[in-house]
């Protein structure tokens, strides 16, 4: 069975609560025979573990969500050593998805430090838009990628 580790930066935010957590719960439940999903929730503020469990279970028609493990980390977003510990704890067989449900001011420094990782096992999802138009978005993304 394939293992997927999802590092969700911003687990206590509105985006995670309203969109991301329900989607992860649904994915883990629908694909439980194919994937073992492990969630690492990371935020600056303390996560309400009971609320997260309730969100994960709210749309499940069965008894409980099928996320295998949930770990909560409360720390600064610029603690690169903490991110390296998470990444080092990921085996070569695991897929690591880093879901950035945080503002660009947070994810740009993170991406600069995380990009030396092996891209075959790493997927990065940037949720927050940056820029007010498609042209501004394209320019900003291009500058970000060049800086990495």
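At-a-glance table
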{"quantity": "Candidate set: segment 1-22, residues that are assigned to a helix (DSSP H, G or I) and within 12 Å of the chain's Cα centre (by Cα); chosen: the one surrounded by the fewest Cβ atoms within 10 Å (Cβ to Cβ)", "calculated": "15"}
{"quantity": "Residue within segment 42-49 that is out of contact with any strand residue (DSSP E or B) (no Cβ under 9 Å at 6 or more places or on another chain) and surrounded by 13 or more Cβ atoms within 10 Å (Cβ to Cβ) present", "calculated": "yes"}
{"quantity": "Residue list for segment 103-126, filter: in a loop (DSSP other than H, G, I, E, B) and either at pLDDT 80 or above or within 22 Å of residue 16 (Cβ to Cβ) (or both)", "calculated": "103"}
{"quantity": "Residue in segment 58-76 that is assigned to a helix (DSSP H, G or I), farther than 22 Å from residue 109 by Cβ and more than 12 Å from the chain's Cα centre (by Cα) present", "calculated": "no"}
{"quantity": "Residue in segment 88-102 that is at pLDDT 80 or above and farther than 30 Å from residue 1 by Cα present", "calculated": "yes"}
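The values are calculated or read from the model by the stated rules, or taken from the named source; none is laboratory data. Keep in mind the model is a prediction, meaning the values are calculated, not measured. All Cβ positions, even for glycine, are placed from backbone atoms using ideal geometry, and neighbour counts span all protein chains on display.
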